[in-house]
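Each remark here refers to the structure printed beneath this line.
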Amino acid sequence: MAFGTGGGDAGGRGHGAGEDRPRVGVLALQGDVSEHLDYFRRAGAAVRPVRVPLDLEGLEGLVLPGGESTAIGRLMERAGLLAAVAERSRRGDLALFGTCAGLILLARQVEGGQPPRLGLLDLAVVRNGYGRQVDSFEADLEVPALGDAPVRALFIRAPVVESAGAGVEVLARFRGRPVLVRQGRCMASTFHPELGEDLRVARLFLSLLAA
Ligand code: GLN
């Protein structure tokens with residue numbers, strides 16, 4: 001699929017075909033797909049929905065959105081995307097960003113249900129770890145890598161990161177637990193940056209694509 005088609009990239013918004021912009025796919029099987037397409041587009045990427053392995057062609061980054069990790073993991077497996085994404089990541093030519101359910105799909109160890117997943121981030125997480133009765137909450141996070149202004153973070157039935165391996169860089173914590181992490185060319189948050197106006201988290205991810 002070419003950029004600028006399929007409801008993905010903002011073709012016709014004056015950016016030409018977008019060849020000069022970082023090329024980012026958003027896994028479009030379940031979850032808040034359009035919010036992520038819009039968020040990374042606003043941050044300067046040429047975006048494309050990804051439903052089958054062929055959609056990965058030419059991408060530099062892939063975003064796993066928030067949603068229901070069990071549903072997304074099963075659909076990824078069925079579409080052949082678990083294997084295809086793992087292979088591209090192993091080759092080192094696909095950076096990954098996971099939001100909430102996306103973080104769960106990237107985590108090595110998961111408690112509270114075992115969705116089929118990539119397991120590329122050395123994290124142990126507990127699904128719905130803030131308690132099922134805690135549907136959502138907001139918090140201001142200090143994120144030194146993003147400057148002095150705090151990041152306003154929205155958590156929705158978020159996982160709790162119980163532990164992170166030595167190779168994981170913790171970019172932000174909430175109540176002592178990692179909520180924004182990075183390991184090599186893999187980044188993930190337990191909160192939802194795409195639901196705010198702050199583009200700094202997306203831009204930090206886009207900076208990994210050039211690295
Ligand atoms: N609770 C969901 C899960 O365990 C994640 C919620 C979200 O992505 N906002 O998959």
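Some observations on this one:
- Listed by first and then second residue, the pairs with beta-carbon distance under 9 Å, at least 6 apart or on different chains, first residue in segment 162-189 and on the phi > 0 side of the Ramachandran plot, second polar (S, T, N, Q) and in a loop (DSSP other than H, G, I, E, B), form an empty list.
- Residue ID - farthest from the ligand (Cβ to nearest atom), chosen from residues in segment 108-122 that are farther than 21 Å from A28 by Cβ and touching a residue at least 60 places away in the same chain (Cβ under 8 Å): D122
- Where a residue in segment 123-147 is within 27 Å of T70 (Cβ to Cβ) and its partner, wherever it lies, is assigned to a strand (DSSP E or B) and acidic (D, E), with Cβ under 8 Å and at least six apart: A124/E111; A124/E162; V125/E111; V125/E162; V126/E111; V126/E162; R127/E111; G129/E162
- Residue list for segment 92-107, filter: at pLDDT 95 or above and either within 9 Å of the ligand (Cβ to nearest atom) or not in a strand (DSSP E or B) (or both): L94, T99, C100, A101, G102, L103, I104, L105, L106
- Selection count, segment 189-203, where residues are more than 18 Å from L37 (Cβ to Cβ) and not β-branched (V, I, T): 2
- Within segment 52-68, being farther than 16 Å from C186 by Cβ and within 15 Å of the ligand (Cβ to nearest atom) holds for G66, G67, E68.
- Of the strands (runs of 3 or more DSSP E) contained entirely in segment 112-211, those carrying at least 1 residues that are touching a Ser or Thr at 6+ places or on another chain (Cβ under 7 Å) fall at 121-126, 151-156, 160-164, 177-183, 186-189.
- Filter result (surrounded by fewer than 16 Cβ atoms within 10 Å (Cβ to Cβ), among the small types (G, A, S) and within 12 Å of the ligand (Cβ to nearest atom)) within segment 123-159: G131, S136
The values are calculated or read from the model by the stated rules, or taken from the named source; none is laboratory data. In this text, all values refer to a predicted model and were calculated from it rather than measured experimentally. Cβ atoms come from the backbone with ideal geometry, glycine included; neighbour counts cover every protein chain shown.
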